[in-house]
Amino acid sequence: MSDAALIYLSLAVPLVGALLIVACRRAPVLRDGVTVATAVVMFLSVLQLLPKVRDGERPAATLLELFPGLSIAFEVEPLGMVFAMLASGLWILTALYAIGYMRGAKELHHTRFHAFFGIALFSATGIAFSQNMFTLFIFYEILTLSTYPLVAHKGTTAAKQGARTYLGLLLGTSLAFLLLAIIATYWLAGTLDFRPGGILSGLDPAVGSILLMLYMYGIGKAALMPFHRWLPAAMVAPTPVSALLHAVAVVKAGVFTVLKVSIYLFGIDYLRELATSEVVLYIAVFTLLAASIVAMRQDNLKARLAYSTVSQLSYIVAAAMLVSQFAALGGAMHIVMHAFGKITLFFCAGAIYVATKKTEISDMHGLGRRMPVTFAAFFLGALCVIGVPPMGGVWSKWHLVLGAFESGYGLVVVALIVSTLLNIAYLIPPVVRAFLLPPPESEAGGGIREAPMLCVVPLSLTALGGLAMFFLAQPLAQLLGGMFTGVGG
Amino acid sequence: MFEQLPALQVAITLTAAPLVMLLWKAPRLAWAITLASCWASLAVTLALFGAVADGGSWSYEMGGWAPPWGIEYRVDAANAWILLIIGLVSAIVMPYARESVEREIARDKIALFYSAFLLANAGLIGIAITGDAFNIFVFFEISALASYALIAMGSDRRAVLSAYQYLVMGTVGTTFLLIGIGFLYIMTGTLNLYDLAARLPEVSDTNTVRAAFAFLVVGISLKLALFPLHLWLPNAYSYAPSMVTVFLSATATKVAIYVLLRFIYSVFGFEFSFEELSMQWVLMPLALLGIVIPSVAAVFQDDVKRLLAYSSVAQVGYMILGVSLASALGLMASILHLFNHAITKAALFMAVGCLVYRLGGVSLRRIAGAGQRMPWTMAAFVIAGLSLIGVPLTAGFVTKWHLLQATLEAGYWPVALLLLGSSLLAAMYIWKVVEAAYFREPEDAGADVREAPLALLVPTWALTLATLVFGIWAAFSVGAARTAAEVLLGRGVAW
């Protein structure tokens, strides 16, 4: 198939899948089958693009031109390739998990749920493959809108409240700051194309500094403080949404955009000239420490994981602002590593809820004896997020710390180490308590009672995936190396 | 025949008006004739538009009297654009009108209603097409008087009062216009716009010409509802029959803005208006206040029609802001917005008309649950609403893009931020309607409320889809607005 056809296929599959899901709404088994099949087909079609990108090609397609100078166009480069593979690959497991979860937790409106999931994946792929900032912006907004019904899914007052915060912050920041930044970029550079080395170099650094701030706060999905509140608010959603969208697709779309803007619009070299890149760096460092501290104080497991995500996202923003290729590479790798770790943790939180209806960490004493697989996976996921061998997370943090050294930011190195200690402090105790503390009298005995297999299998696979990434880091880094040169590594 | 097209443009609707008035016993026939003349008018418009699309002009001497003594009609890319807006909206609103008007207007008054509509239509076309200053005044009065009658026929009793309010304000406006034209005639001895443009530079350094300029700008600003001269508009739009609101919101203020552009750019000229009199420092603050204050007011409205009316005042602010940037790009953005806002707001008011047809009113309380009971109507409202906010891939975005480019070109970063902030306000007031329609339980859950009839839905969707089409394939509208801006600016334009 031609390049354009492959790109359109990857985009069309989740969209068509969403329509089929709606068409099969009266036959739940068929509908759930369609969901999984869509995810598999999508992953395979995305995978078709991988060899080309690895060989240094940049498959491209132009959908339409709004008016001269502004078009909706796609181009697959390494970072987008990785993001698309990650989102579509993890969707397969999430689709399986979601079927088990939605039935186990007795949620309603399955059809709407699965259909909007498809649209969200469609927009995530669009973001990944965008050839220019305008295309990216459109898919960014579709992603916000399509996940709104998922966040508000339960329809309770709390869900509506959370969803409103979600929509308000994400739409507000993007329409007020990001759009202004995009229009200004077009005005200043005459183009919005993503190009290796950037399009803004040579611009007055004062203007560039303002522009950078507009971008960083316009990309609300990257959850820089103080615009991070939407992410904890989104936790009212059913857990599969939190797992795939609010640990992978949506939040990673945010930091992905940050990396794209830094590498392909500003260019690492030009970023170095800007006064505000350091400002953003310290905001990111503050966010990653502050969010970790907040996470420690959360008793609700999902809230703790949400703040942990806020913290981890700032690693990637910081990576972009360290203005070193090493760090940027580490940030790109962290998109993948953190995804495997955090989706496992969310899957576990959901499995615990399905099996026991428990949401608070303090209620989970001794639960490890009842759900050993879940908590073992939780342990692996936690190690991956913390960055301990033999999990993939170690490599991204390794690159990050090296990058910070390379750029001479000793303080950032210290902050990264402190943050790692904090990660341990808030992610390990739940596991330790679950395995070592005795369960309350009323729940003692009863042997092993895990969540349904459809929940347990995916979460085991993602945990093992985190392990596999430890060994796959080399090819990943090689692929991502093509970001800076414009040709494959 | 072909060379008579400019005259035919006005003549079709103007002669149909008295004919329709005679048909008070056959309202359906009155409607059919009105429909036919609107479509014929659109056909003529398209022919004219095509003829001048390359930036040329088409001059027509009324009655064979050569200008500047006789009345000249001159069609160029700028007023052909306005004619296109009028023609398109009236051609689409007419199929919609039959059922909507039968529901809202007494049977024996329907023929009169259509007759007044045709007169208003002819008046607006006349304003756009004529090249004669006094003729502009005459057509302004024709359209205004007909509009007063149309608004007063609204079913709410307050319609009469708001028509009266409009009458007073409108008359003040046209009187100012007449005084301004009179001053110009005293100084130059001509009424032809192009002749005026040629003769004004000699006498431009006089207080009479400056006073004429002031009278003209204030008079036209009343007609185009520039903040703070907009007070007539919310009432007029709220209480007029649905179809009238659709038509007036899409065309009346747009035509007035065109007249302002014609006087500022073609007659007085860029140097006089912006360099000598520094119009931008009057227009920009008013435009910005006019964007923010009515947008905030719209957020607090309880009636959807009124909410959209306040939004219209804010949108006028956008168009005037483009003018106040005193650049080719800014002017082009304004001209572009004339069209994009016309189709957007007409689509919104049509959707509101559908709601009125089934629910009898459009307070937020009354439309609760409409999302489930009238899904197609509300879907159209949401899409057109997105265009009003300026979401990418809608017509509204294309305007916003160019307006912001023009703002940045002029170096006004805070203004750009304010513009984006105001689109958030638009998002808020559209969201209020969406929330009421989709997320609130209807009060009369048992009542039988169905989707609006097809005769209403199809035209509504035609315009709704137009907001998407002109948002996705914007090369046509952007190109036409560019040519129109070049024509208005005259001489070599620096982009």
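Structure notes:
- Only residues that are buried (at least 18 other Cβ atoms within 10 Å of the Cβ) and assigned to a helix (DSSP H, G or I) were counted in segment A:377-406, giving 20.
- Annotation: of all residues in segment B:447-471 being surrounded by fewer than 18 Cβ atoms within 10 Å (Cβ to Cβ) and at pLDDT 90 or above, the one that is farthest from the other protein chains (Cβ to nearest Cβ) is B:VAL458.
- Taking the numbered list (1) more than 16 Å from B:ALA314 (Cα to Cα); (2) crowded, with 22+ Cβ neighbours inside 10 Å; (3) facing chain A (nearest Cβ under 10 Å) in turn, B:LEU393 passes all entries but (2).
- Verdict on B:VAL382 being within 14 Å of chain A (Cβ to nearest Cβ), touching a strand residue (DSSP E or B) at 6+ places or on another chain (Cβ under 9 Å), at pLDDT 90 or above and not in a loop (DSSP other than H, G, I, E, B): no
Table: residues versus (1) at pLDDT 90 or above; (2) part of a helix (DSSP H, G or I).
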position: A:SER123; (1), (2): yes, yes
position: A:TYR140; (1), (2): yes, yes
position: A:TYR166; (1), (2): no, yes
position: A:PHE177; (1), (2): no, yes
position: A:ILE199; (1), (2): no, no
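- Matching residues, segment A:186-202, being at the interface with chain B (Cβ under 10 Å from one of its Cβ atoms) and either charged (D, E, K, R) or in contact (Cβ under 8 Å) with a residue 60 or more places away in the chain (or both): A:TYR186
- Failed criterion for B:LEU425 (all others in (1) surrounded by fewer than 24 Cβ atoms within 10 Å (Cβ to Cβ); (2) more than 14 Å from chain A (Cβ to nearest Cβ); (3) assigned to a helix (DSSP H, G or I) hold): (2)
- B:THR399 closer than 27 Å to A:GLY190 by Cβ, within 11 Å of chain A (Cβ to nearest Cβ) and among the hydroxyl-bearing types (Ser, Thr, Tyr): no
- In segment A:63-80 there is no residue matching the filter, namely being within 29 Å of B:LEU393 (Cα to Cα), free of Cβ contacts under 8 Å to residues at least 60 places away in the same chain, among the aliphatic types (A, V, I, L, M) and away from chain B (no Cβ under 14 Å).
- Residue in segment B:404-413 that is within 25 Å of the chain's Cα centre (by Cα) and away from chain A (no Cβ under 11 Å) present: no
- Taking residues in segment A:152-180 that are within 15 Å of B:LEU420 (Cβ to Cβ) and facing another protein chain (nearest Cβ under 9 Å), and partners anywhere that are of a type in the set (Phe, Trp, Tyr) and outside any helix (DSSP H, G or I), the pairs with Cβ atoms closer than 9 Å and at least 6 places apart or on different chains are A:GLY172/A:PHE227.
- Test result for B:LEU388, more than 7 Å from chain A (Cβ to nearest Cβ) and not β-branched (Val, Ile, Thr): yes
- Selection status of A:ARG103, within 14 Å of another protein chain (Cβ to nearest Cβ) and of a type in the set (Lys, Arg): no
- Residue check for A:ALA87: hydrophobic (A, V, I, L, M, F, W, C), in a helix (DSSP H, G or I), surrounded by fewer than 20 Cβ atoms within 10 Å (Cβ to Cβ) and out of contact with any strand residue (DSSP E or B) (no Cβ under 8 Å at 6 or more places or on another chain): no
- Evaluated against (1) modelled with pLDDT under 90; (2) touching a Ser or Thr at 6+ places or on another chain (Cβ under 9 Å), B:GLY70 falls short on exactly one condition, (2).
- Verdict on B:ARG262 being closer than 17 Å to B:VAL352 by Cβ, part of a helix (DSSP H, G or I) and either in contact with a Cys (Cβ under 6 Å, 6 or more places away or on another chain) or not hydroxyl-bearing (Ser, Thr, Tyr) (or both): no
The values are calculated or read from the model by the stated rules, or taken from the named source; none is laboratory data. Not measured: the values here are computed from a predicted model. All Cβ positions, glycine included, derive from the backbone under ideal geometry; neighbour counts span all protein chains shown.
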